[in-house]
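Read-outs throughout are calculated quantities, based only on the coordinates presented, and are distinct from any laboratory measurement. Note that the coordinates shown come from a computational prediction; the quantities given were computed from them, not determined experimentally. FYI the Cβ positions are ideal-geometry reconstructions off the backbone, even for glycines, and counts take in every protein chain you see.
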Amino acid sequence: MSDLIITSPSNQRLKSLVALRRRRSREETGLTLIEGFEELSLALEAGVVPRTLYYCPELMLDAGQQLPVVTAVAGRGADTVQLGRGAFEKVAYREGPDGFLAVVDSVTRTCADLTVGPDALTLLCQGVEKPGNLGAMLRTADAAGVEAVIAADPVTDWGNPNLVRASKGTVFSVPVATDTTAATVAWLREQGVALVATTPDTDLDYTDVDYTGPVAVAVGAEKYGLTDEVLQAADHRVRIPMAGRANSLNVATSAAVVIYEAVRQRRQRPSG
C-alpha cells in the first residue's frame, strides 16, 4: 500500500477527481471514476487495472474484509492513496460512500472494435439520455448474456459516474461501444445481424419474432423513441402490448422485456 495519506478536503490532488464528474474532463483525460466496493470488485474481475485507487478505511463497511482489495490493486501496479473521511467525502459523488474510489481508463470503443459470435444477441440504445437507464440496461445485458451494447448517438457517455454506478460496474464486463446511428446500422448489416426495433406504432407483438439467430434489439430515447433512420432499417418493428393508459414502458424495462423473450426462445432452441 502507498504511504501517501491525504486528510485535507482542499488538497489540490482531489480537485482532479471532482473534475471527472464532468463529461468534458472525462473526454479530455480519457479517464473516469468507479466508486463503490461492489462496482470496483466487478471491474477488477473483468480485468480493469485502475490508475489510482483512493480509499478510506473509516468509511468501509468491513475494513478487515475489504482492505485486502487495496493490496491486490497495488499488486497490479496501481497507485493507492489513503484519504481521511473529510477528504473522501469531498470527492465522493454518491451519498453514503463506502470508502472506495478508483480512477480508470474510459471505455472508448466504436462498433469497429467489437467482436461478436455468429448468433450474437446485441442491444442497440439510440439517443438514450439518462445514465441510470443505460446503467440499468447494462445490468440486464450482463444478466442475460448479451454480447454487446451499442450506444448510438448517445446523450451521455459510458464513463458517466452515475452510469457506472447504475450498471453496478457491468459497463466494464459487457462489451460496449459508442458510434453514430449510421455507422451502427452499417455494422449490423456487415455482421449479418437482424434488427428488431421497439415502437408502439406497429401491430406486431414482440413475442411474434424469431430471436434465435444473430439479432439486435433496438430501443430509443426516453421521450421520442427510435428515429426514422432506425425504424426504416429494421427487419422487424415490434411492440409490447399495453393495457393501461400509457403507451410505453420505461426504456430500460422495455429492453429487459424483449431481451428476455430472446433468452427464452434461445433456451428452447433444439441443440445440435
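One decimal place: the segment VAL49-ARG76 gains 9.1 nm when fully extended, by the rule 0.36 nm per residue minus the C-alpha distance.
Charging the Cβ of each Asp and Glu at -1 and of each Lys and Arg at +1, and nothing else, the dipole of the chain about its Cα centre rounds to 540 debye.
Across the range 165-172, rounded Karplus estimates of 3J(HN,Hα) from the backbone phi angles (6.51 cos²θ - 1.76 cosθ + 1.60, θ = phi - 60°) give 5, 5, 7, 6, x, 5, 4, 9 Hz, Gly and Pro being marked x.
With each label modelled as a point 7 angstrom along the Cα→C-beta vector, the ASN250-ALA143 pair spans 1.2 nm.
Taken over the alpha carbons of the range 1-81 as equal point scatterers, the Debye sum produces base-10 log I(q)/I(0) values at 0.17 Å⁻¹ of -0.76. Label-to-label distance for ARG266 and SER16 is 4.1 nm, based on points extended 7 Å past Cα in the beta-carbon direction.
Helix 251-268 and the longest principal axis of the Cα set of the chain meet at an angle near 70°. Taking a sphere under 14 Å around the Cβ of ASP179 and counting the other residues whose Cβ falls inside, with K and R at +1 and D and E at -1, yields a net charge of -3.
Applied to the range 222-231, the Karplus parametrisation 6.51 cos²θ - 1.76 cosθ + 1.60 on θ = phi - 60° returns per-residue 3J(HN,Hα) values of 4, 8, 10, x, 6, 7, 4, 4, 7, 4 Hz, with x for Gly and Pro. Taking the Cα centre of the range 5-105 as reference, the dipole from Cβ charges on Lys and Arg (+1) and Asp and Glu (-1) amounts to some 540 debye. Rounded to the nearest 10 degrees, the angle from helix 63-75 to the longest Cα principal axis of the chain is 80 degrees. With neighbours defined as other Cβ atoms within 10 Å of a residue's Cβ, the residues LYS15, LYS223, LYS130 order from fewest to most as LYS223, LYS15, LYS130. Answer with one residue from ALA152, ALA136, ILE5: the one whose Cα lies farthest towards the positive end of the charge dipole of the chain, charges on Cβ with Lys, Arg +1 and Asp, Glu -1. Result: ILE5. If R0 is 25 Å, the Cβ-Cβ spacing of SER25 and ASP62 corresponds to a FRET efficiency of close to 0.15. Label-to-label distance, GLU222 versus LEU4, with points set 7 angstrom from Cα along the beta-carbon direction: 3.7 nm. By how many degrees, 0 to 90 and rounded to 10, does the Cα axis of helix 181-190 deviate from the longest principal axis of the chain? Roughly 70 degrees between the two axes.
Considering only LEU195, HIS236, VAL174, the residue lying farthest towards the positive end of the dipole of the chain is VAL174, judged by Cα position with unit charges set on Cβ. Taking the helices alone, the chain has a mean residue ellipticity at 222 nm of -10500 deg cm²/dmol, built from -39,500 (n - 2.57) per DSSP H run of at least 4 residues and averaged over all its residues.
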